[in-house]
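Peer 1: Next up is a structure, given as structure tokens.
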Amino acid sequence: MNRRYRKTVIAGNWKLHKTIAETKAFSEALKAKMERPRWCETVLCVPYVNIPSAVRAFRDTRVAIGAQDVSCEKEGPYTGEVSAEMLKEAGAKYVIVGHSERRRRYGETDLLVGRKVQAALDAGLSPIICVGETLDEREKEITAERITVQVKAALADVSVTALRRVIIAYEPVWAIGTGHTASVEYAGEIGTHIRTVLRRKYGARAARSVSILYGGSMNEENAAALLACPDVDGGLIGVASLDADRFWAIVEAARPAPVDDTPPPKPRLSHEENE
Ligand code: 13P
């Protein structure tokens, strides 16, 4: 994390979990623990139909609500789709775009991800863009190339001004839902690689203000170590975000260490040393 230049973001991705009633119960459990976490942006990306009730349940807290996908189209004959405008009106502030589960299971291409990012930005949402290599790509040692291609495609039409609203989540596909987290060094290295790609396109100043999250079996035990990397500015959390205690523990892991205000020991005077 580097709090000087960018915000820390702890985001839950609930995937296909929780009914409206369960969302309400979760919000009550979380609010019971929660002092307002001012040290990070806390986000829950919930199923579409839960968005209005989640927005209501978390009103007056610092938890923002997001969606997990969005249409690249504004309106028209696209059965089953939900537009960015609709999400915005329902109270969402964020939207996950290009999650590997959508790329893999629903055939989303880099090109489509780029169009969705643009649709989200046009409607005033913040896209959380997911990138990451598969196990096969990792074994072939083409992780950096693959991620470069994904980041560039996702940001193809994004201006330097709109970049301010973009969040990137590095999620190695082999780490998602497997309990195998990337090592701190590896996650940190890829975070830095992503920032280098941003810097080449947008310049150092714009690149340093983008929050880059890590996702893939992040939990309350490994969060603090991952967040200590300069280019890991938060987490995108699946399973561990479904439980209010576990999610809160990760938000806590992002809390800055308290400033030690005990006065420093008095310097010894030279005449004391001679005594
Ligand atoms: P897990 O935390 O369950 O591995 O899921 C990560 C993820 O896919 C978040 O988008």
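A short reminder: the numbers here are calculations on the coordinates, not readings from a lab. Because the structure is predicted, anything quoted here is derived from the model rather than measured. Because the Cβ atoms are built from the backbone with ideal geometry, glycine has one as well, and the counts that use them run over all protein chains shown.
Peer 1: Taking the residues in segment 202-233 that are within 16 Å of the ligand (Cβ to nearest atom) and either of a type in the set (S, T, Y) or closer than 20 Å to L155 by Cα (or both) as candidates, determine which candidate is nearest to the chain's Cα centre (by Cα).
Peer 2: My answer is L213.
So that you can scan it fast, the table gives a plain yes or no per residue for (1) on the phi > 0 side of the Ramachandran plot; (2) touching a helix residue (DSSP H, G or I) at 6+ places or on another chain (Cβ under 6 Å); (3) β-branched (V, I, T); (4) surrounded by fewer than 21 Cβ atoms within 10 Å (Cβ to Cβ):
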position	(1), (2), (3), (4)
G12	no, yes, no, no
T23	no, yes, yes, no
F26	no, yes, no, no
A29	no, yes, no, yes
E35	no, no, no, yes
V46	no, yes, yes, no
A57	no, yes, no, no
R62	no, no, no, yes
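Peer 1: Right, another one. Out of segment 234-243, which residues are under 12 Å from the mean Cα position of the chain (by Cα) and either without any contact (Cβ under 8 Å) to a residue 24 or more places away in the chain or more than 9 Å from the ligand (Cβ to nearest atom) (or both)?
Peer 2: G234, the sole residue that qualifies.
Peer 1: State yes or no: is T143 more than 12 Å from the ligand (Cβ to nearest atom), within 14 Å of D110 (Cβ to Cβ), hydroxyl-bearing (S, T, Y) and in contact (Cβ under 8 Å) with a residue 12 or more places away in the chain?
Peer 2: It is false that T143 is more than 12 Å from the ligand (Cβ to nearest atom), within 14 Å of D110 (Cβ to Cβ), hydroxyl-bearing (S, T, Y) and in contact (Cβ under 8 Å) with a residue 12 or more places away in the chain.
Peer 1: Okay, moving on. Considering each residue of segment 171-201, count those that are touching a Cys at 6+ places or on another chain (Cβ under 8 Å) and within 11 Å of the ligand (Cβ to nearest atom), and give that number.
Peer 2: Qualifying residue count for the region: 1.
Peer 1: Restricting segment 71-81 to residues that are touching a residue at least 24 places away in the same chain (Cβ under 8 Å) and surrounded by fewer than 17 Cβ atoms within 10 Å (Cβ to Cβ), which is farthest from the ligand (Cβ to nearest atom)?
Peer 2: Of everything passing the filter in segment 71-81, K74 is farthest from the ligand (Cβ to nearest atom).
Peer 1: Considering every residue within segment 90-106, establish whether at least one is in a strand (DSSP E or B), within 16 Å of the ligand (Cβ to nearest atom), within 17 Å of the chain's Cα centre (by Cα) and more than 23 Å from A175 (Cβ to Cβ).
Peer 2: The answer is no, given that none of the residues of segment 90-106 is in a strand (DSSP E or B), within 16 Å of the ligand (Cβ to nearest atom), within 17 Å of the chain's Cα centre (by Cα) and more than 23 Å from A175 (Cβ to Cβ).
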